[in-house]
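The values are calculated or read from the model by the stated rules, or taken from the named source; none is laboratory data. Note that the coordinates shown come from a computational prediction; the quantities given were computed from them, not determined experimentally. Quick reminder, even Gly has a Cβ in these numbers, built from the backbone with ideal geometry, and neighbours come from all protein chains shown.
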Amino acid sequence: MAEGTKIAIVTGAARGIGLEIACALLTRGMTVVAVDVKEDLLTELPAKLGAPGEKLETRVLDVTDSEGFTAMVDEVAEKHGRIDVLVNNAGITRDGLLIRMEDADWEMVLKVNLFSAFYGTRAAAKHMLRQRSGSIINMASYSGIEGNRGQANYSASKAGMIGLTKTTAKELASKNIRCNAVAPGFIATEMTEAMPPQAKDIALSLIPLKRMGQPTDIAHAVAFLADDESAYITGQVLSVDGGMHT
């Protein structure tokens, strides 16, 4: 590892926003550990990103596995001697009206989106405390700020992510560890592509910039919060939503 190279772990990194985040951090010279449950997609990452093996590593992990998450973080820290950045990006949706939502759909979204962020933060913070530095970025959402019809589980998980972010920031600031959240609005991903045309039209009508965002818009915001340019920023929620939340 080159002197001064930052070590970054990104969950949900095999596609969509997570892949773009990995790319943005690589562009900034960081060594990226891309984590995802989809092993087949992870094997394609080096070719997609054009990154050499010493700069891009992959780990297959179910982020809802607390012990597995901790073991992965510990292994990365032992190999590289430090962890500088953790991006808790892994997330899913299981949309449905509240009164019809099954327990399993509620629980799975909370586990993948929120519980995993807690597991990762707890594991990474132990190493960051020893080195007295680090940046944790959590993926929140416009839905976690404003709520969204048909997304009681997703909105609750993202609102919880904001609370986790602010508490983590306050607990770890004295050790020079920062924690912030990025709250995307409607971003052009596989998730939004599955929306019915009428729902897309309604979404666009709510966006002052009158367009959906791109995964790169989110990746650039995350990269800024991960790097030293944002050294005096912690406990904040950065909305990247075209002006929906003001």
Counted residues in the range 26-47 being among the hydroxyl-bearing types (Ser, Thr, Tyr) and either in contact with a helix residue (DSSP H, G or I) (Cβ under 9 Å, 6 or more places away or on another chain) or under 21 Å from SER116 (Cβ atoms) (or both) come to 2
When you look at ALA8, is it in a loop (DSSP other than H, G, I, E, B) and surrounded by 18 or more Cβ atoms within 10 Å (Cβ to Cβ), yes or no?
no
Just name the residue that is surrounded by the fewest Cβ atoms within 10 Å (Cβ to Cβ) out of those in the range 47-89 that are basic (Lys, Arg) and not in a loop (DSSP other than H, G, I, E, B).
LYS79
Filtering the range 29-46 down to residues that are surrounded by fewer than 17 Cβ atoms within 10 Å (Cβ to Cβ) and in a loop (DSSP other than H, G, I, E, B) yields GLY29, LYS38, GLU44
All positions within the range 180-217 that are farther than 18 Å from ALA22 by Cβ and among the charged types (D, E, K, R):
GLU193, LYS200, ASP201, LYS210, ARG211
Under the condition of being part of a helix (DSSP H, G or I), basic (Lys, Arg) and in contact (Cβ under 8 Å) with a residue 40 or more places away in the chain, which residue from the range 169-209 is nearest to MET139 (Cα to Cα)?
LYS170
Can you pull out the residues in the range 90-114 that are within 15 Å of LEU164 (Cα to Cα) and surrounded by fewer than 21 Cβ atoms within 10 Å (Cβ to Cβ)?
LEU110, LYS111
Condition (residue is at pLDDT 95 or above, within 15 Å of CYS179 (Cβ to Cβ) and assigned to a helix (DSSP H, G or I)) applied to the range 97-115: is it met by at least one residue?
yes
Residues of the range 140-161 that turn out to be surrounded by fewer than 18 Cβ atoms within 10 Å (Cβ to Cβ) and within 14 Å of the chain's Cα centre (by Cα), as a count
0
In the range 25-51, residue modelled with the highest pLDDT [restricted to those that are under 22 Å from THR216 (Cβ atoms) and over 18 Å from the mean Cα position of the chain (by Cα)]
GLY29
Which residues, counting only those in the range 162-211, are among the basic types (Lys, Arg) and within 29 Å of TYR119 (Cβ to Cβ)?
LYS166, LYS170, LYS175, ARG178
Only one of (1) touching a residue at least 24 places away in the same chain (Cβ under 8 Å); (2) touching a Leu at 6+ places or on another chain (Cβ under 7 Å) does not apply to GLY91, and that is (2)
So THR64, is it of a type in the set (Val, Ile, Thr) and closer than 20 Å to ASN138 by Cα
yes
All positions within the range 28-58 that are in contact (Cβ under 8 Å) with a residue 40 or more places away in the chain and either among the basic types (Lys, Arg) or touching a Pro at 6+ places or on another chain (Cβ under 7 Å) (or both):
ARG28
Members of the range 138-168 found to be in a helix (DSSP H, G or I) and of a type in the set (A, V, I, L, M), listed by number
ILE145, ALA152, ALA156, ALA159, MET161, ILE162, LEU164
Is the range 67-87 home to any residue that is in contact with a Leu (Cβ under 9 Å, 6 or more places away or on another chain) and not hydrophobic (A, V, I, L, M, F, W, C)?
yes
Going by the structure shown, is PRO215 closer than 28 Å to GLY235 by Cβ and surrounded by 15 or more Cβ atoms within 10 Å (Cβ to Cβ)?
yes
Could you check how many residues of the range 123-137 are part of a helix (DSSP H, G or I), over 15 Å from the mean Cα position of the chain (by Cα) and in contact (Cβ under 8 Å) with a residue 12 or more places away in the chain?
6
